[in-house]
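Heads up, the thing below is written out as structure tokens.
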Amino acid sequence: MLQGIHHVAYRCRDARETVDFYRETLGMEFLLAISEDHVPSTKEPDPYMHVFLDAGNGNVLAFFEIPNSPPMGRDPNTPAWVQHIAFKVGDVATLERVKERLEARGMSVLGPVNHEIFQSIYFHDPNGHRIELAANTVAPQTLERLHDIAPSMLDEWSEKKSVVRQAAWLHEKEFAETLA
């Protein structure tokens, strides 16, 4: 039934600044813009600019600038690290090159962070959205093992609502050394 994600949409403060950032920083192509004075789905009168950027491989990242709404904010009950946009890159060397380029532009970048199955860097776009670039580093057999235990981990979490340790081996030092 599903064929993929058509697009993911976020709010932005300034459509031009957002498009320029994603084009210049991440090399995304600016695909199209839509602007109307009524929301098509709800018919509410609310002028907006809706911009679409190519995130690669048919993935589209979109933003709405809605100037008549209250200023942007974020859910104060959700930790800042939770909500983010993660993009895949080819390898760890790409992460390191992008990090150098971002820092040369005066941006603060966290990482690379080793998640064992991938490594990431983190930074923020001009709207305050947390951006993650991730390079897969996982061995196929490790990913297969994680896939196999995922249902039982979810069941245990749903029952206990506390840390599930079935994949603790992923971060254990002995496991990391076997990959070296």
When only residues in the stretch 9-36 that are assigned to a strand (DSSP E or B) and of a type in the set (Phe, Trp, Tyr) count, which is surrounded by the most Cβ atoms within 10 Å (Cβ to Cβ)? Tyr10
From the list Leu102, Leu154, which one is over 13 Å from the mean Cα position of the chain (by Cα), crowded, with 17+ Cβ neighbours inside 10 Å and part of a helix (DSSP H, G or I)? Leu102
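Conditions (1) without any contact (Cβ under 8 Å) to a residue 40 or more places away in the chain; (2) touching a Gly at 6+ places or on another chain (Cβ under 6 Å); (3) over 30 Å from Arg97 (Cβ atoms), marked per residue:
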position: Ile34; (1), (2), (3): yes, no, yes
position: Ser41; (1), (2), (3): yes, no, yes
position: Tyr48; (1), (2), (3): yes, no, yes
position: Gly56; (1), (2), (3): yes, no, no
position: Asn59; (1), (2), (3): no, no, no
position: Pro67; (1), (2), (3): yes, no, yes
position: Gly73; (1), (2), (3): yes, no, yes
Can you name the residue in the stretch 2-30 that is among the small types (Gly, Ala, Ser) and in contact with a Phe, Trp or Tyr (Cβ under 7 Å, 6 or more places away or on another chain) and, of all such residues, is farthest from Lys88 (Cα to Cα)? Ala15
From Leu95, Leu133, grab the single residue that is in contact with a Phe, Trp or Tyr (Cβ under 7 Å, 6 or more places away or on another chain) and either in a loop (DSSP other than H, G, I, E, B) or under 19 Å from Ala55 (Cβ atoms) (or both). Leu133
Looking at the stretch 37-54, which of its residues are hydroxyl-bearing (Ser, Thr, Tyr) and exposed (fewer than 14 other Cβ atoms within 10 Å of the Cβ)? Ser41, Thr42
Among Asn114, Asn57, Asn77, Asn68, which is the only one that is touching a helix residue (DSSP H, G or I) at 6+ places or on another chain (Cβ under 9 Å) and exposed (fewer than 15 other Cβ atoms within 10 Å of the Cβ)? Asn114
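Values in this text are rule-based calculations from the coordinates and carry no lab data. Source: prediction; values computed, not measured. Virtual Cβ from ideal backbone geometry, glycine too; neighbours counted across all protein chains shown.
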